[in-house]
Every structure is written in structure tokens, then in C-alpha cells.
């Protein structure tokens, strides 16, 4: 079903459901930035460089991991995710 075919009430419900999550994520991000700057005394430039490196690595590995999960044999494992939860949860 296309997004254009969804009723506005349903779309509004999805949007309102994302508001609390977005607020929690924003508070966490501000909290850990404050922790690195104030508590650990990390230089702002080093923090920005580290976050940039993290974002570049994440930009490259997210599509690869998505492709890897999409190509999982569902008939063999029963689910696309259960095999990864089973084998990679100890990490």
C-alpha cells in the first residue's frame, strides 16, 4: 500500500507515535555529548572527528547489512532476523 493511499488519521497516528521517541533520542544525544565534554573533558574537535568517522562507517555498513539480511534464506532459518539474533547476540 502506498503512503498516498493511507488515511490521514492513520498517518497522523504514526507521526504522533514517533514524537515521544524523537524526544527521548534528542535528550540522550544531548546527555552523552554533555558527558563527553564536561565529565571526560574531551576536546570538541576530537569528538566531532570521532562522530564523523562513525557516521561514515555507518553510512557504508548499513546498506551492506540490510542487503545481507534481505538475502537470508527464510525457508532455511524460519525468519530473517532469528539467525542473526542467535549467532550475533553474544557480541
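Some notes on this structure:
- Residue within the stretch 1-12 that is surrounded by 10 or more Cβ atoms within 10 Å (Cβ to Cβ), within 21 Å of the chain's Cα centre (by Cα) and not in a loop (DSSP other than H, G, I, E, B) present: no
- Residue 42 meets the conditions (1) within 23 Å of the chain's Cα centre (by Cα); (2) surrounded by 10 or more Cβ atoms within 10 Å (Cβ to Cβ) in every case but one. The failed one is (1).
- Of the residues making up the stretch 65-77, those that are surrounded by fewer than 10 Cβ atoms within 10 Å (Cβ to Cβ) and either modelled with pLDDT of 90 or more or assigned to a loop (DSSP other than H, G, I, E, B) (or both) are 71, 73.
The values are calculated or read from the model by the stated rules, or taken from the named source; none is laboratory data. On a predicted model such as this, the values are computed, not experimentally measured, just so you know. For neighbour counting, all protein chains shown are included, and Cβ atoms are generated from backbone atoms with ideal geometry for every residue, glycine included.
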